[in-house]
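Notes follow the structure.
The values are calculated or read from the model by the stated rules, or taken from the named source; none is laboratory data. All values derive from a computational prediction rather than experimental measurement. Cβ placement follows ideal geometry from the backbone for every residue including glycine, while neighbour counts extend to all protein chains displayed.
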């Protein structure tokens with residue numbers, strides 16, 4: 001809902017806003033939003049554990065190294081953890097705070113921490129590349145117009161017609177076959193996933209920026225810059241870019257949760273991160289043991305839900321804060 005009533009210029013609210021830049025006003029509105037601040041805290045928590053996953057793992061004395069299953073698992077009980085090593089047949093132990101995985105005896109806490117790092121690293125990387133490509137394409141298409149606009153718009157529409165999941169199902173086996181014998185295969189797999197996500201995620205940003213630039217390029221300050229003989233590069237990045245900060249920030253805030261969910265979903269399907277720690281991969285393994293060991297599934301699932309939900313709610317709050325017609 002929006003409230004477009006005009007504020008009294010002599011009111012206290014008007015005096016507080018006077019002299020502030022739009023970004024400062026938006027930041028002030030965002031700080032007053034309790035839900036946004038709670039979501040920001042959750043996101044910072046996940047960023048912290050992602051960055052310091054190795055330090056936290058060492059602090060708890062856990063790691064992702066393959067254990068000896070015979071020592072930790074009850075072979076006669078379907079490879080489930082022995083009671084002394086935690087759930088589902090025993091109580092929690094500080095040696096393995098999140099328990100251990102069936103059949104492999106991998107520590108769940110270590111995989112949860114490194115899974116958070118994987119999700120955030122891939123999501124941030126894909127968002128960065130998709131944003132750069134989308135902003136550049138949108139700027140050029142909207143400002144130059146003519147043949148350039150038609151060609152770039154054709155590429156945008158072409159990429160939009162390709163189903164993302166179908167493309168991922170096609171590209172992933174090719175990459176796995178090409179690089180599965182490489183010593184750096186886990187790193188190559190993550191980089192490839194970032195490229196695939198960015199390749200099919202920049203079009204929305206490009207269309208949004210193009211529409212904004214089509215409106216801005218007819219404004220007086222752009223026309224004045226052209227009359228003064230200012231080079232196109234300077235007009236794009238010095239004159240137009242500052243006026244595109246709000247839509248770019250909003251798009252990035254909504255792109256991040258989409259990529260986090262996409263990374264987990266692809267890993268769940270076995271075409272994402274298949275070598276190393278990943279929440280989606282853990283969920284895929286845990287489904288088999290849900291009835292006997294539900295905690296094994298709930299741990300990564302709660303991580304994905306909390307992170308994606310917090311990013312989405314914070315993105316909505318940022319969009320509302322940057323909208324001058326919204327009162328929150």
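Annotations for the structure displayed:
- Look at region 292-309: where a residue is over 12 Å from residue 264 (Cβ atoms) and a partner is crowded, with 20+ Cβ neighbours inside 10 Å and modelled with pLDDT of 90 or more, sitting 6+ places away or on another chain with Cβ atoms under 7 Å, you get 299/112.
- Residue match in region 289-303 (condition: closer than 24 Å to residue 195 by Cβ and either modelled with pLDDT of 80 or more or touching a strand residue (DSSP E or B) at 6+ places or on another chain (Cβ under 9 Å) (or both)): no
- When the residues of region 152-189 are filtered to those that are under 30 Å from residue 140 (Cα atoms) and modelled with pLDDT under 85, the one that is surrounded by the fewest Cβ atoms within 10 Å (Cβ to Cβ) is 166.
- Subset tally (residues that are under 29 Å from the mean Cα position of the chain (by Cα), under 12 Å from residue 140 (Cα atoms) and surrounded by fewer than 18 Cβ atoms within 10 Å (Cβ to Cβ)) for region 229-239: 1
- Qualifying residue in region 136-149 (condition: outside any loop (DSSP other than H, G, I, E, B), out of contact with any strand residue (DSSP E or B) (no Cβ under 8 Å at 6 or more places or on another chain), loosely packed, with under 13 Cβ neighbours inside 10 Å and modelled with pLDDT of 80 or more): yes
- When region 63-100 is filtered for residues that are touching a strand residue (DSSP E or B) at 6+ places or on another chain (Cβ under 9 Å), without any contact (Cβ under 8 Å) to a residue 12 or more places away in the chain and part of a loop (DSSP other than H, G, I, E, B), the ones remaining, listed by number, are 65, 82, 90.
- Some residue of region 190-200 being touching a residue at least 24 places away in the same chain (Cβ under 8 Å), within 19 Å of residue 251 (Cα to Cα), in contact with a helix residue (DSSP H, G or I) (Cβ under 7 Å, 6 or more places away or on another chain) and part of a loop (DSSP other than H, G, I, E, B): yes
- In the condition set (1) in contact (Cβ under 8 Å) with a residue 12 or more places away in the chain; (2) closer than 25 Å to residue 307 by Cα, residue 165 is compliant with all but (1).
- Residues in region 20-70 that are within 30 Å of residue 80 (Cβ to Cβ), in contact with a helix residue (DSSP H, G or I) (Cβ under 9 Å, 6 or more places away or on another chain) and at pLDDT 80 or above: 46, 49, 50, 53, 54, 56, 57, 60, 62, 63, 64.
- Of all residues in region 240-274, exactly one satisfies the criterion of being surrounded by fewer than 18 Cβ atoms within 10 Å (Cβ to Cβ) and assigned to a loop (DSSP other than H, G, I, E, B), namely 270.
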